[in-house]
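The values are calculated or read from the model by the stated rules, or taken from the named source; none is laboratory data. These numbers come from a predicted model, not from an experiment. Quick reminder, even Gly has a Cβ in these numbers, built from the backbone with ideal geometry, and neighbours come from all protein chains shown.
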Amino acid sequence: MAQSTSTNKQVPLLLNGEFVASTSSETMPVLNPATQEVLAHVPFATDDELSNAIEGAKAAFQKWKDVPVTERARLMLRYQHLLKEHQKEIAEILAEDTGKNLEDAMGDVWRGIEVVEHACNIPSLLMGETVENVASQVDTISLVQPLGVTFGITPFNFPAMIPLWMFPIATACGNAMILKPSEQVPLATVRLLELFQEAGAPAGLVQMIQGGKHQVNTILNHPDILATSFVGSVPVAKHVYQTATHNLKRAQCFAGAKNHMVVMPDADKDTVMNALVGATVGAAGQRCMAISVIVFVGETISWAAELADKLKAIRPGAWDDPEAAFGPLISPAAKQRVEGLIAQGIDQGATCLVDGRGIEVEGYPDGNWVGPTLFTDVTTEMEIYQQEIFGPVVCCMNVDSLDDALALVNSSPYGNGTSIFTRSGVSARRYQHEVTVGQVGINLPIPVPLPFFSFTGWKGSFMGDLHAYGKQAVRFYTETKTITSSWKDAPAQAPNMSISLK
Ligand code: NAD
C-alpha cells in the first residue's frame, strides 16, 4: 500500500571498500512505480569521486591479479552461498523499485546466482593451451590474463541479474570493475555489493558509482578503463560502443529488441495461448526477450481473438499482490510514451482489440499502470511495429507461409530473441537454421540460455565483442598471451626422454 512519500535516505557509493555518501548536490529521487513513494535519493557522483573510484580500482587490480585463481573461485563460492541465503530479501528490494512481482523478482536474482555459480568454475575456464615441439625443441603456450580495470553499465529492468552478468565474471578473471547501476533502480545493486564484501571481496575490487550520462562518459573516456560492458537501449548502446571503440577500448553492448514469435498452422493452440500471455505482457513487457510481435501464419490469425480474451482477463497490480499478472511501468514518462504509441497505432490504422490505457488499480491511484494491449492489422510501416515499445503491448501480424515469416523476421533491424511454435520438425529445423536472431526458441517463447552457454544478439540488438555473458565472457574480460620458447641453446636442461614405439 502507499506509504509516506518523503525520505532522506541517500543511495551510497562504494569506494575503496566503504559505502559512502556522495558529496554531490545533484540527486534524483528513486520512486516506487506503483505509488510514487520516494524510496531514496540517488546522487550523481562528482568528478573527484569518479577519479577516486578509478584510482582505487587500479590499486585493487594490482594486488588481485596475483591472487591464486583458486582463491578467486572460493570468493565466488562464498558469494553464491550468501546470494542464495538472501535471495528473497534482494528480490523484495528490487520488486519495490522496479514494480515487478515477487516471482519475477526472485527469477531476476536467481538468473544472477547462476552466473556466480558459473564463475565458481573459473580455474577451468581460464586454462590456456600448450603445444610442444611446434618446431624442433620449440614449444608454444598460451596464457589467459586479466585486463585491468573494467566498467559495467546496467539498465533498469533486471537490477540483480544484469550486474551479476558483469562483476562476478570480470573479477573471477582477475580484473577490477567500476559498476554504475541504473539511476532508476540502484537499491538492489547496493545489497549485491554489501554481500560481495561480506563474502570477502577486497576493498576497491568493485567500486560502485551512481549517476547517468556524465558519469558514464567520464569513466568511458578514461584511459585506464580497458573494457566496458553495457546493457540498455539502442541509442545509448550505440553511443557507448562508438565512444569506447573510438578510444580503442574493448566494448560489448547489449541493446534493445523487437522479438517475433511465429505461429505455424500445425502448432498446438493451447500451448501457444498459454505461452503467449506470460511471454508478451509478463513484467509489463519490460524485458529485452519479451515477445512483442506475433506472426500468425495462415488461418492461425483467428487465434488472436482468443488471445485478446485471455489478456482482458488479467490485470496489473503491486509487486506483493499475488493476483496481479504484472506490475507498473518504470516511470510516469515510460507510461506516457507507451500510451502515446498506442494512440499512434490506432491513428495509423491498426485494430486495437484490447486497449490498456486508462486502467486503474484499486488502492494505487498514482501507479504507472498500463493494462494488456493487443493490436491486429499491424504493418511494418507503423510506429508500433518499428519501435521497441517496452510495455505490455502486442502486435499481431498475418503472413501466408514460413517463407514470408522468415522474410519478415529477418528484415527486422533487431535480432535479440525469436521463437517458432510448430509440430513440424522440418519447419523448426529450417527456422533455426535461417533466422538471423541470436536466441531462438522452438516451442518455447523466451529462450534465455544459461551461463554455460552465452547470451548474445544479432544486428542492432548487440554491438561489439560477441564474447558476451557467461561462458564466453571470460574471453571478453581477458587477454591471451602466446609464448613461444626455444630450448635449442639449452639442451642439457631438456628432459632426457626416449620414446619407443612398438
Ligand atoms: P537506457 O539505455 O536508458 O539506460 C541504460 C544505462 O545507460 C543506465 O545505466 C543509464 O544511466 C545509462 N545512460 C542513459 N543515457 C545515457 C547517455 N546518454 N549516455 C551514457 N549513459 C547513459 O536503458 P534502460 O531504459 O535502463 O533499459 C531498457 C533497455 O535495455 C531496453 O531497450 C531493453 O531492450 C534493453 N535491454 C537489453 C538487454 C539485452 O540483453 N539485449 C537486456 C536488458 C535490457
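Computed values, structure above
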{"read-out": "Residue list for segment 100-129, filter: over 29 Å from P68 (Cβ atoms), part of a helix (DSSP H, G or I) and charged (D, E, K, R)", "value": "E103, D104, D108"}
{"read-out": "Odd one out for V338, checked against (1) crowded, with 22+ Cβ neighbours inside 10 Å; (2) under 26 Å from E96 (Cβ atoms); (3) more than 16 Å from the ligand (Cβ to nearest atom)", "value": "(3)"}
{"read-out": "Residue check for Q197: surrounded by fewer than 21 Cβ atoms within 10 Å (Cβ to Cβ), at pLDDT 95 or above, under 21 Å from G415 (Cβ atoms) and over 19 Å from the mean Cα position of the chain (by Cα)", "value": "no"}
{"read-out": "In segment 344-375, the residues that are in contact (Cβ under 8 Å) with a residue 24 or more places away in the chain and under 14 Å from L311 (Cα atoms)", "value": "L353, V354, G356, I359, V370, G371, P372, T373, L374, F375"}
{"read-out": "Whichever residue in segment 150-164 is farther than 19 Å from I219 by Cβ and not in a loop (DSSP other than H, G, I, E, B) and, among such residues, is farthest from the ligand (Cβ to nearest atom)", "value": "L164"}
{"read-out": "Lone qualifier among E96, E85, E89, E37 - being out of contact with any Cys (no Cβ under 9 Å at 6 or more places or on another chain) and more than 30 Å from T27 (Cα to Cα)", "value": "E85"}
{"read-out": "First in segment 12-35 and touching a residue at least 60 places away in the same chain (Cβ under 8 Å), second anywhere and of a type in the set (F, W, Y) and surrounded by fewer than 17 Cβ atoms within 10 Å (Cβ to Cβ), Cβ under 8 Å, 6 or more apart", "value": "P12/F19; L13/F19"}
{"read-out": "Positions within segment 401-430 being touching a helix residue (DSSP H, G or I) at 6+ places or on another chain (Cβ under 7 Å) and of a type outside the set (D, E, K, R), in sequence order", "value": "L402, L406, T418, I420, F421, T422, S427"}
{"read-out": "Helices (runs of 4 or more DSSP H) within segment 212-294 that include 1 or more residues under 27 Å from Q386 (Cβ atoms), of a type in the set (S, T, N, Q) and more than 10 Å from the ligand (Cβ to nearest atom)", "value": "234-246, 269-281"}
{"read-out": "Qualifying residue in segment 65-74 (condition: surrounded by 19 or more Cβ atoms within 10 Å (Cβ to Cβ) and either touching a strand residue (DSSP E or B) at 6+ places or on another chain (Cβ under 6 Å) or not in a helix (DSSP H, G or I) (or both))", "value": "no"}
{"read-out": "Subset of segment 171-211 (residues that are more than 23 Å from L75 (Cβ to Cβ) and within 11 Å of the ligand (Cβ to nearest atom))", "value": "S182, E183, Q184, V185, P186, Q210, G211"}
{"read-out": "Near pairs, Cβ below 6 angstrom, 6+ apart or cross-chain, from segment 261-289 (closer than 27 Å to S331 by Cβ and not assigned by TED's automatic domain parsing to the domain that holds W319) to any residue that is modelled with pLDDT under 95 and buried (at least 24 other Cβ atoms within 10 Å of the Cβ)", "value": "none"}
{"read-out": "Residues of segment 80-105 satisfying the condition of being of a type outside the set (D, E, K, R) and within 19 Å of M166 (Cα to Cα)", "value": "Q80, H81, L82, L83, Q87, I90, A91, L94, A105"}
{"read-out": "Residues within segment 466-480 that are assigned to a loop (DSSP other than H, G, I, E, B) and more than 14 Å from the ligand (Cβ to nearest atom), tallied", "value": "2"}
{"read-out": "Where F167 falls short, out of the listed (1) without any contact (Cβ under 8 Å) to a residue 40 or more places away in the chain; (2) outside any helix (DSSP H, G or I)", "value": "(2)"}
